[in-house]
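Report on one structure; see the data block that follows.
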Amino acid sequence: MLSKTAAASFIDHTALKPDVTEQQITALCAEAREHHFPSVCVNPCHVALASSLLQDSDVAVCTVIGFPLGAATTEVKIFECRDAIKNGAVEIDMVVNIGKIKEHNYQAIQDEVRAVVSAAKVHPNILVKVIIETCLLTDEEKRQVCHALLATQADFVKTSTGFSSGGATAHDVSLMKETVKDAMKIKASGGIRTIEDLSAMVAAGADRIGTSNGVSIVL
């Protein structure tokens, strides 16, 4: 099991519920500073605030686009991406069109992700993480979409939004790692509440952990 100090280095400290307030975002950012989490992950409406609060820190600002369903058009996702970066986001967690995965239209997935990555990578050092919502996919669909993402220049593949029928599992992380190997990193999110949960995901191959329980994990 990881030490609590080591665990902190994996955590994207997350607040994505619809009723999150500016006061809660302020507290989230203060906690991330204190524990040196890699990032805070907030909804787009809170990016500017989080960016202003963290501008002189080692904590990045991450946001979500196409969230949580992935069903917006590619053009809307591109706009969201550009707007988020303008407001200070340096990490973009995008939800792909899950229906296209279920149709096995992996070319459409590649085209969409490439378009968002292209919009993001105009700016240096922007990371793009691609959420595939593993709980809605078969193992073969997980393999196929991960394989398709290898051609997109996205930085991470991410398990889950945390808003669907299930979250991350060590099985899914291991399967994703087996497919992408070292060509992409992996973010596990959804249902990770304890240091034991986090350690299991890291052991399976996760490079980042999205959780709203970051403070309780490291204390």
If we scan segment 133-141, do we find a residue that is touching a Lys or Arg at 6+ places or on another chain (Cβ under 9 Å) and hydrophobic (A, V, I, L, M, F, W, C)? yes
Name the residues in segment 3-13 that are surrounded by 16 or more Cβ atoms within 10 Å (Cβ to Cβ) and touching a helix residue (DSSP H, G or I) at 6+ places or on another chain (Cβ under 7 Å), would you? Ala7, Ala8, Phe10, Ile11, His13
Hits in segment 70-99 (condition: open to solvent by 10 Å² or more (accessible area, probe 1.4 Å), under 20 Å from Ala148 (Cα atoms) and touching a residue at least 12 places away in the same chain (Cβ under 8 Å)): Ala71, Thr74, Ile78, Asn97, Ile98, Gly99
Out of the residues in segment 14-46 that are crowded, with 17+ Cβ neighbours inside 10 Å and among the small types (Gly, Ala, Ser), state the one that is nearest to Gly88 (Cα to Cα). Ser39
Scan segment 51-68 residue by residue and report those that are in contact with a strand residue (DSSP E or B) (Cβ under 7 Å, 6 or more places away or on another chain) and part of a loop (DSSP other than H, G, I, E, B). Val59, Gly66, Phe67, Pro68
Anything in segment 1-28 that is in contact with a strand residue (DSSP E or B) (Cβ under 7 Å, 6 or more places away or on another chain), more than 20 Å from Ile65 (Cα to Cα) and in contact (Cβ under 8 Å) with a residue 24 or more places away in the chain? List them, or say none. Phe10
Checking the structure you have, find out if any residue of segment 129-145 is surrounded by 17 or more Cβ atoms within 10 Å (Cβ to Cβ) and in contact with a Pro (Cβ under 9 Å, 6 or more places away or on another chain). yes
Those residues of segment 47-63 which are touching an Asp or Glu at 6+ places or on another chain (Cβ under 8 Å) and surrounded by 24 or more Cβ atoms within 10 Å (Cβ to Cβ), in sequence order: Val61, Cys62, Thr63
Between a first residue in segment 115-134 that is part of a helix (DSSP H, G or I) and a second residue that is surrounded by fewer than 16 Cβ atoms within 10 Å (Cβ to Cβ) and of a type in the set (Asp, Glu), which pairs have beta carbons less than 9 Å apart while being 6 or more apart in sequence or on different chains? Ala115/Glu75
Identify, please: which residue in segment 148-174 is aliphatic (A, V, I, L, M) and more than 12 Å from the chain's Cα centre (by Cα) and is, among those, most open to solvent (accessible area, probe 1.4 Å)? Leu150
Being over 20 Å from Ala154 (Cα atoms) and assigned to a helix (DSSP H, G or I) is the filter; apply it to segment 176-201 and report the residue that is most open to solvent (accessible area, probe 1.4 Å). Glu196
What are the residues in segment 84-97 that are in contact with a strand residue (DSSP E or B) (Cβ under 9 Å, 6 or more places away or on another chain) and not in a loop (DSSP other than H, G, I, E, B), if any? Ala84, Ile85, Glu91, Ile92, Asp93, Met94, Val95
Quick check on segment 6-16. Is at least one of its residues outside any loop (DSSP other than H, G, I, E, B) and over 25 Å from Asp207 (Cβ atoms)? no
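The values are calculated or read from the model by the stated rules, or taken from the named source; none is laboratory data. Note that this is a predicted model, so its numbers are computed, not measured. For neighbour counting, all protein chains shown are included, and Cβ atoms are generated from backbone atoms with ideal geometry for every residue, glycine included. Note: areas computed on protein heavy atoms with side chains; ligands, DNA, RNA excluded. Shrake-Rupley method; radii C 1.70, N 1.55, O 1.52, S 1.80 Å.
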